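Scroll down for the structure; my scribbles are underneath it.
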Amino acid sequence: MKNEESTNPEVEELLKTGGYAKKQIYAGCNVLRWSHRQRFSKGLSLIKKYSPSSILDYGCGDGTFLILAKDIVKEKNGMEIDDNQLRLLKDRLKDEPDFNFHHTNDILETKSDMVTCFEVLEHCTKESIENVLTSLKKNCTKGGTVIISVPKETGLTMVGKQTVRRILGWRKFGNYEWTESYNFVDFFKMLFATEKTQVPRKYYEVEFDGGKYETCGHYAFNWKSLKLDIQRHFEIEKIEYTPFVLPLGVLSSQVWFICKNN
């Protein structure tokens, strides 16, 4: 991402070998590429602000965020549920001693000053959300910082996102032609969603290395309801939005919960 998040050629080369990075920060769609780059920029700015000595990225995927943070924080740890993804990560970064990767079931010996979880919880069942939040708390130092980002799928943002997804689906871009459609009642509920709004979500079974898990897309994900779950585990210091800095996150596509592990 030249002249944006990274100016280090070595980081650029590492990024380009990641599957998620190709779909996000190097996406063929300008809107998607811009939105994802803004998201990663926000995460990096928070690392710089809090200056942790160690970071754990839960649900690290292909390691894009940790690679971008290569020159910012010394000790970088990632957790991932997919064993195949872990094998790819360890192979790609085998010559990088400051990176360590673990399965989400692993019990880590040391805790991190900052724990991040980006664009993960929207894909989890209610039970899985509780398990993830428990893991974030367990792996963060006392008084450490926990940063959670999720997509905003309510209000006018939902209308905009659904419109863009339909256009990309018609163009057969990526997997967008399989975007889930709202019925009128659910659409209306999510348009005016509150913390108490409940719309049934659509779950699918996926398999990782022999293990079966339930997951879901963005359909009916209510970040306002998630806020209540987060508050049971952490002290939410601030809620921010990207890519637009507007009151109440109007038109923004991501929500950021900046928390303390007290």
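The values are calculated or read from the model by the stated rules, or taken from the named source; none is laboratory data. Here the structure is a predicted model, which is why all the values come from computation and not from measurement. Backbone-built Cβ (ideal geometry, glycine too); neighbour counts: all protein chains shown. Quick note on the areas: whole protein, heavy atoms, side chains included, nothing else; ligands and nucleic acids left out. Shrake-Rupley method; radii C 1.70, N 1.55, O 1.52, S 1.80 Å.
Some observations on this one:
- Selection within segment 56-88 - under 15 Å from the mean Cα position of the chain (by Cα) and part of a strand (DSSP E or B): Leu56, Asp57, Tyr58, Gly78, Met79, Glu80
- Counting only residues that are under 19 Å from the mean Cα position of the chain (by Cα) and either farther than 30 Å from Phe101 by Cα or of a type in the set (A, V, I, L, M, F, W, C) (or both), segment 139-161 holds 10 of them.
- Search result, residues across segment 154-175 that are in contact (Cβ under 8 Å) with a residue 24 or more places away in the chain, more than 13 Å from Met190 (Cα to Cα) and β-branched (Val, Ile, Thr): Val164
- Yes/no for Asn100 being touching a strand residue (DSSP E or B) at 6+ places or on another chain (Cβ under 7 Å), polar (S, T, N, Q) and either part of a strand (DSSP E or B) or open to solvent by 20 Å² or more (accessible area, probe 1.4 Å) (or both): yes
- Residue match in segment 165-182 (condition: hydroxyl-bearing (Ser, Thr, Tyr) and within 20 Å of the chain's Cα centre (by Cα)): yes
- Residue satisfying all of: in segment 176-207; among the aromatic types (Phe, Trp, Tyr) and either farther than 22 Å from Leu32 by Cα or without any contact (Cβ under 8 Å) to a residue 24 or more places away in the chain (or both); most open to solvent (accessible area, probe 1.4 Å) among these: Trp178
- The sole residue among Lys111, Lys137 that is open to solvent by 30 Å² or more (accessible area, probe 1.4 Å), basic (Lys, Arg), more than 26 Å from Lys202 (Cα to Cα) and in contact with a His (Cβ under 8 Å, 6 or more places away or on another chain) is Lys137.
- Scanning segment 241-259 for residues that are assigned to a strand (DSSP E or B) and either exposed (fewer than 15 other Cβ atoms within 10 Å of the Cβ) or among the hydrophobic types (A, V, I, L, M, F, W, C) (or both) gives Val255, Trp256, Phe257, Ile258, Cys259.
- Sole residue being closer than 29 Å to Gln162 by Cβ, open to solvent by 20 Å² or more (accessible area, probe 1.4 Å) and touching a Ser or Thr at 6+ places or on another chain (Cβ under 9 Å), chosen from Lys42, Lys23: Lys42
- Screening the candidates Lys212, Lys224, Lys238 for the property of being open to solvent by 20 Å² or more (accessible area, probe 1.4 Å), assigned to a helix (DSSP H, G or I) and out of contact with any His (no Cβ under 6 Å at 6 or more places or on another chain) yields one hit, Lys224.
- Summed over segment 163-190, the residues that are modelled with pLDDT of 85 or more and in contact with an Asp or Glu (Cβ under 9 Å, 6 or more places away or on another chain) give a count of 1.
- Residue within segment 142-151 that is surrounded by fewer than 17 Cβ atoms within 10 Å (Cβ to Cβ), at pLDDT 95 or above and farther than 20 Å from Glu195 by Cβ present: yes
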